[in-house]
Structure formats: C-alpha cells, structure tokens
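Input: a single structure, listed below in structure tokens.
The values are calculated or read from the model by the stated rules, or taken from the named source; none is laboratory data. Quantities reported herein were computed from a predicted structural model and do not represent experimental measurements. Cβ placement follows ideal geometry from the backbone for every residue including glycine, while neighbour counts extend to all protein chains displayed. Just the protein is used for accessible areas: all its heavy atoms, side chains included, with ligands, DNA and RNA removed. Shrake-Rupley method; radii C 1.70, N 1.55, O 1.52, S 1.80 Å.
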Amino acid sequence: MLAENELLQHPGFTSAAELTALPALRVVQPDGQANEELLSRVSDEELIAMYQQMLRVRLFDRKCIALQRQGKMGTYAPFEGQEAAQVASAVCLANKDWMFPTYRDHAAAMTRGLPMQTVYRYWMGQMDGFSVPDELNILPPCVPIATHLLHGVGAAWAARLRDEDTVSFCYFGDGATSEGDFHEALNFAGVFHLPVVFFCQNNGFAISVPFARQSASPTIAKRASAYGMDGIRVDGNDAVAVYLACQTAIHKARNGGGPTLIEAVTQRFGAHTTADDPTRYRDQAAMNEEWRRERDAVQRLRLLLTSKGLWDDNREEQWIAKVGNELVNAWEEAVAKPFSEPIEMFDHVYSKMPAHLEEQKKLLAGGGLA
Amino acid sequence: MTRMLNMVQAIRDALDVKLAEDNRVLVLGEDVGVNGGVFRATDGLQDKYGPERVIDTPLAESGIIGSSIGLALNGFRPVAEIQFLAFIFPGLEQVFAHAARMRYRTRGRFTAPLVIRAPYGAGIRGPELHSESLESLFAHTPGLRVVAPSNPYDAKGMLISAMEVDDPVIFLEPTRLYRAGTRDVPEGSYRVSLEKAERLTEGRDVSLFAWGAMVPVALRAAEQLEKEQGLSAEVIDLRSLMPLDKETILSSVEKTGRAVIVHEAHQTAGLGAEIAALLADEAVWCLRAPIKRVAGFDVPVPPFSVEDAYLPTTERVLAGLKEVVMAE
C-alpha cells in the first residue's frame, strides 16, 4: 500500500488515512486475499449474489448520473464507492425488518427489493417515487440528517412491546453523528435495550467537510460504549466484513441482545450530489486513481471470487449485459408511466381531506384560477 | 462605484465588507469555508479571512445556532448559514427558546445579535425539504426580525443592516432569485432599512403585496393587468416581514381601496392572513373589495416535477387581481 500522505494533501485525506489506520474488522484484503477462517462463514452463493448486486447497483448509479446530466432526472446523490457497505448490510435483513435509509442509500433499498423503477421515479421528482411496496418495511429516503434514527428506535420499541422479533436497521453517514438526534436515538436504544442496528457509513466527508472536522474522535464506533451498547468498526469496502458484522448485530438484536452501533469505513468516490463540485474541497483526480485502486469494494470482491474460481471475465460480461438490459428496461418503464399530475399534491395530506383543501383542489383543477 | 452583481454575489459582498470592517463578525455553517457554501455565497471568504472567522462547523443546526447565541452573548457578531431553510428544524429550539428571548429574559442584560441566513423557497427543482417558505413561523415569534430581499441591491444593504442591528435576524434568501439577474450594487458599505417596504410601481386600482421570489411574479401580473384591462396595480415589495411596514401598506390601500397579497408559503396562517387582518383592522372603511390572498396551497411542497403548480403563478396572481378589481 502507498503511504497515504504521499498522495493525499488535503486535511480531509489525512483524516481518511487516520480512519483506515485504526483497527477495523477486515476479512478480505484489497488484493483479494482473505482470512479463510472468517470467510468460511459465508457461502459461495452468498458471495456471488453480493457481488452481482454490487455490480448491478454501481451500473445503476452511473446510469443515474448520466441521466441527470442529460436533464432527464433532478439532482442525484451518487453512492459509488459504498456498494459493499450498502449491499452487504441489506442482504442480512429479513422482509419484516424495518429499514430507514437516507438519500444516498438506494443501493441498500434496491438490495432489499425496492424496484429500480421506483428509484428512478424518485429522482425524477415523481410522487410515486416515494411509494414503497406493501411487503417491504422501507421508508422513503430521509433527507433531514439523523432524524430517522429515532424512528428506527420507535419502530424497534413497538416490535419489542409486541414481542416480535423484527429489527430496525438505520442507515446514516458520518455527518449525522454530529446531530443531536444521533445522541438521542442511541441513548433511547440503550436505555430501552431495543433491537436496533445503527449502521454508519463513514465515507470521510459530509459534503465538503472532512471527518476530522466533524469529530475530534477518529472513530464513531467507540461512542457506542457511552450508550451502553456494542460498537463495531468494520472495513466498509470489504463486503464480507460488513456482512459478518451486520449478521452478528442483527442476530443479537433479534434475540434480545439490544442495539449495536456499526461504523463502516468507506469512501464516496464521486460528488455529494450532482449539484456538488468535489474538486473544490479535495483532490478528486488523486482520489479517482488511488481510492479506486486501493479501496474499490467491487473490485476487491471480484478479486476474491476470481481467486476462488467463482467468477471470470465471461460471467462478468454476461452479468453486465443482463444488468444493462434491466437498467434500460426499467428506465423505459419509468418514463412510459404517466408523470405525476399536479392535482395529486392534495392526496395523502390528511386521512380525510378537510373542506379547505377540497376547495383548493378544485381551484387547481380549474386551472388554478380564482 | 458600483458593479453589476447577482444576489449571491451581493450577499457575498456584504459578508466581505463586514468581515473586513468589523472583527466581531464571524461566518459559520455547513460547507461555508473550503467549499464556499453550496450556493457559493461565502466563496473565497475563508481564504481571505481565515478558518477562525469563516468556519466550517460540524453538521448540526442546533449546534450552529446555539453556539452562535453564545458567541453573540460574548461579544461576536455571528452570521450563521443554514444550508436550506427547512434544515433549520433541529435548530428551532435555539431560535425560539433562546435567540428570540435572550434580551427579554435577561431584562436587556444580554442580547443575541446574530444573523441566520438561509436560502428558501421553491422553483429550483430541489429535492424534498429544500423548498420551504417558513417566514410566518419566525414572524410569529416575538424577538426576531425577519427579512426577505428580492434583489441584489436590497440583499447587500439589508444584510449589512442585519449584521449591525442588536436583534437576532432571520435573513431569508429566495433561492430562485439567487442568479435570476444582476443589478448595480455599490461597493463598500451601505444600508437598507430592515423595517421599510418598497413601492415598486405606482398604481391606482389595486395594491399588490409580495416579497422574495414572488416579487417578479407580482410585477409580471401587474403588467399583464395593465395590458389587458388598462388598470394599474401598485406593487409593493414588503422586504421586511417582521416588523411589517404598516405605514406603506395602509397608505397604499387607502389610495387603491383594494388589496391582493401573494406569498409562496402555505395560505393558512401565512403572513397574508396577518396583512389582511391589518387591513381589516385599520383600513376596512377604505376597502372597495374583499382582500384576496394568492398563496401556496396547504399541502407540503410537492416533489419538484409538480412544484410549479404549487407556487402562485403569474396567471393565478392575475386572476386574483381581476377578481378584486371587478368586485364592486
């Protein structure tokens, strides 16, 4: 490995180096070499499925950026670099479990079964982009920061009160750990011993602010102890490590063991959103080269699979072709579906529409004129 | 000397001027330093004044506002940026329970002269919770000044005034107008009142009140009314939402006898209701027609694909004007 400070000049990069230098659970090395004992806990089928899904969501992410650039979608929040963290966590959840994602966690939501077309529609600003299939307990992307962690707490509380073994799984970023609601959520979960997993993707930057300016502590996982819960620091670009950490935490929560805080150390390769210009706050060119070589989760899992004889160029090509078709088909469906009508803005505001809204709805239906 | 600046540049210029002339002024918020703000309103200021005065904070709005109160208590003049107005929700306790009440509850011993700047409003194809207009929440809270400029000249002059006044100021920046046009903006310091509305067009037949991004909409509707009906609307940019410039509002309606109020915030319990009540209280004998509000609907600001239908349009404002001028 290169010495990080040879390449990374910005304070944010230093903090990333500091982060990766701290102990974290790692099963697969960047070159694909694995700790065989830990790796044996994951079946070959699971490894292949995770890899396929990681590649699928990465191609989806890139397509969304292209669509945004063509003016076909609104501002989009890319997740490239975080595929292992999102996919390997989401595959651990059962359908009845509750998932609370942010605006960057559509890879996780899609892994749990949120239709690709729904995700497209969300970023197109269509109302049905917020609709989640009845069989999935997934909330739409939370835009406010850290507020949804408390919803995870409440949902887990309800499950415990009813003696159900469902788990709440909350996604958030390193920036979220600065918000007051982060503290309140972890404290409640600790006090009431609730089945919640707090899954932090520490990607090193909250828009432009490097983690070193977010927290004077180099690690988030450590904070768990202050709330009386377990904390795990995991290499977020190692799908196997993420998978094992999440499986353990979810199993523990499901069986009355209480909450866990997981810090998955990862990187956002691209911009915060398509409206962001990361070259203003970090050396993006160096990142593109260095991070992709050293920290690319998709590449790392592929190296592992290849070394085990579970994957090859031929399978890769076939899978890319298959996903390519899916991306195009889902997009075609997404644009073929009727666009939201303005009148729909009046639906679902209340359980029963009050009279004044009926009047306003009529006003809009009549062309919005008095 | 003047320069042609858009609103973002004018705001940046106001911050630059005050950072240079008053070492108590600090700029703090999320991404305001290295990144220069997500709208570039603080572009280059950290390079110029250093990270001790233009500060990237952790991601915590209650932290930003609460610590600004403490900085203000202890002699500084913090200008806190909230990245989008709806992001202020976690910080509202600090605004309502502390910033607004500091002077009152310490009987004038301590004050909290901070400025909270925030882009607000719809029409920029923003994601969820990037488009809200919450001015009435703040106007409803005693102790806060609330202003919303609609052009680069006012934005700079009012922001300078806001940094100088000894009260907390909620400084609302209509996102849609950030780069909508340029205007001659003087270099250096100048002030625009935090308490005065501005009459933009003189009219005889109806008074049309607006602020922020609704001002250009109101102007277009007034033009259309003139063209279609030969009637003239007096367009008034309120600019200051708390306190309201009663004198300008009343004197206009005393002349025209008719009033239409436009705001993009939801209609119910919006500031339009307050202005209508003011007219009912103090100008009812001058009114020749019912007062009309043209406002955002009483629904959450919808996803961007339909946000234009949520907002008052020129057509809706024109229809409101016609309704009022035709009533007799």
- request: Could you list all residues from the range A:312-370 that are at positive phi and over 29 Å from the mean Cα position of the chain (by Cα)?
  value: A:GLY367, A:GLY368
message: Kindly evaluate A:LEU150 against the criterion of being open to solvent by 40 Å² or more (accessible area, probe 1.4 Å), more than 30 Å from A:GLU341 (Cβ to Cβ) and away from every other protein chain (no Cβ under 11 Å).
response: yes
Of all residues making up the range B:34-49, the number that are assigned to a loop (DSSP other than H, G, I, E, B), open to solvent by less than 20 Å² (accessible area, probe 1.4 Å) and either at pLDDT below 95 or more than 10 Å from chain A (Cβ to nearest Cβ) (or both): 2
- prompt: Across the range B:301-314, what is the number of residues that are more than 7 Å from chain A (Cβ to nearest Cβ) and not polar (S, T, N, Q)?
  reply: 5
- prompt: Does A:GLN9 count as at pLDDT 95 or above and more than 20 Å from the chain's Cα centre (by Cα)?
  reply: no
- prompt: What number of residues in the range A:227-243 are open to solvent by less than 10 Å² (accessible area, probe 1.4 Å) and touching a Leu at 6+ places or on another chain (Cβ under 7 Å)?
  reply: 4
task: Can you confirm whether the range A:160-171 contains a residue that is crowded, with 21+ Cβ neighbours inside 10 Å, touching a helix residue (DSSP H, G or I) at 6+ places or on another chain (Cβ under 8 Å) and under 19 Å from B:GLU61 (Cβ atoms)?
output: no
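Yes or no, residue by residue, for (1) under 23 Å from A:GLY175 (Cβ atoms); (2) of a type in the set (D, E, K, R); (3) in the same structural domain as B:ARG101 (by TED's automatic domain parsing):
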| position | (1), (2), (3) |
| --- | --- |
| B:MET7 | no, no, yes |
| B:GLY29 | yes, no, yes |
| B:LEU45 | yes, no, yes |
| B:TYR49 | no, no, yes |
| B:ILE55 | yes, no, yes |
| B:ALA60 | yes, no, yes |
| B:GLY66 | yes, no, yes |
| B:GLU81 | yes, yes, yes |
| B:LEU85 | yes, no, yes |
From the options B:ALA210, B:ALA265, B:ALA259, residue that is over 13 Å from the mean Cα position of the chain (by Cα), modelled with pLDDT of 95 or more and among the hydrophobic types (A, V, I, L, M, F, W, C): B:ALA259
message: Of everything in the range A:318-370, what is away from chain B (no Cβ under 11 Å) and touching a residue at least 24 places away in the same chain (Cβ under 8 Å)? Give them in sequence order.
response: A:TRP319, A:ILE320, A:VAL323, A:GLY324, A:GLU326, A:LEU327, A:ALA330, A:TRP331, A:GLU333, A:ALA334, A:VAL335, A:LYS337
message: Can you report the number of residues in the range B:58-88 which are without any contact (Cβ under 8 Å) to a residue 40 or more places away in the chain, open to solvent by less than 40 Å² (accessible area, probe 1.4 Å) and over 21 Å from B:THR111 (Cβ atoms)?
response: 3
query: With B:GLU282, B:GLU323 as the choices, which residue is within 9 Å of chain A (Cβ to nearest Cβ) and open to solvent by 20 Å² or more (accessible area, probe 1.4 Å)?
result: B:GLU323
Failed item, numbered, when A:GLY309 is tested on (1) more than 12 Å from chain B (Cβ to nearest Cβ); (2) of a type outside the set (Lys, Arg); (3) surrounded by 14 or more Cβ atoms within 10 Å (Cβ to Cβ): (3)
- prompt: Are there any pairs with C-beta distances below 8 angstrom linking a residue in the range B:10-35 that is touching a residue at least 12 places away in the same chain (Cβ under 8 Å) and among the aromatic types (Phe, Trp, Tyr) to a residue that is assigned to a strand (DSSP E or B) and open to solvent by less than 10 Å² (accessible area, probe 1.4 Å), with the two at least 6 apart or on different chains, and if so which?
  reply: none
- request: Show the residue pairs that are 6+ apart or on different chains and have beta-carbon atoms under 9 Å apart, the first residue being within the range B:37-57 and farther than 15 Å from B:LEU5 by Cβ, the second being hydroxyl-bearing (Ser, Thr, Tyr).
  value: B:VAL38/A:SER208; B:VAL54/B:THR42; B:ASP56/A:SER208; B:THR57/A:SER178; B:THR57/B:SER67
message: Please pick out the residue among A:ALA176, A:ALA216 that is within 14 Å of chain B (Cβ to nearest Cβ), assigned to a loop (DSSP other than H, G, I, E, B) and of a type in the set (Gly, Ala, Ser).
response: A:ALA216
query: Looking at the range A:182-218, which of its residues are of a type in the set (Val, Ile, Thr) and open to solvent by 10 Å² or more (accessible area, probe 1.4 Å)?
result: A:VAL191, A:ILE207
- prompt: If you scan the range B:182-204, which residues turn out to be surrounded by fewer than 14 Cβ atoms within 10 Å (Cβ to Cβ) and more than 17 Å from B:PRO149 (Cα to Cα)?
  reply: B:GLU187, B:GLY188, B:GLU202, B:ARG204
message: If a residue counts only when it is open to solvent by less than 20 Å² (accessible area, probe 1.4 Å), closer than 21 Å to A:GLU263 by Cβ and touching a residue at least 60 places away in the same chain (Cβ under 8 Å), which helices (runs of 4 or more DSSP H) contained entirely in the range A:50-127 have at least 1 such residues?
response: A:83-90, A:106-111
- prompt: A:ALA264 passes all but one of (1) of a type outside the set (Asp, Glu); (2) touching a Gly at 6+ places or on another chain (Cβ under 7 Å); (3) modelled with pLDDT under 95; which number fails?
  reply: (3)
task: Kindly indicate whether A:GLU294 is at pLDDT below 95 and of a type outside the set (A, V, I, L, M, F, W, C).
output: yes
- line: Taking the range B:288-300 and keeping only residues that are within 8 Å of chain A (Cβ to nearest Cβ) and assigned to a loop (DSSP other than H, G, I, E, B), one is left with B:PHE297, B:ASP298, B:VAL299, B:PRO300
message: I'm checking my understanding of the structure. Among residues of the range B:96-141 that are β-branched (Val, Ile, Thr) and more than 14 Å from every other protein chain (Cβ to nearest Cβ), which one is farthest from B:ALA309 (Cα to Cα)?
response: B:THR106
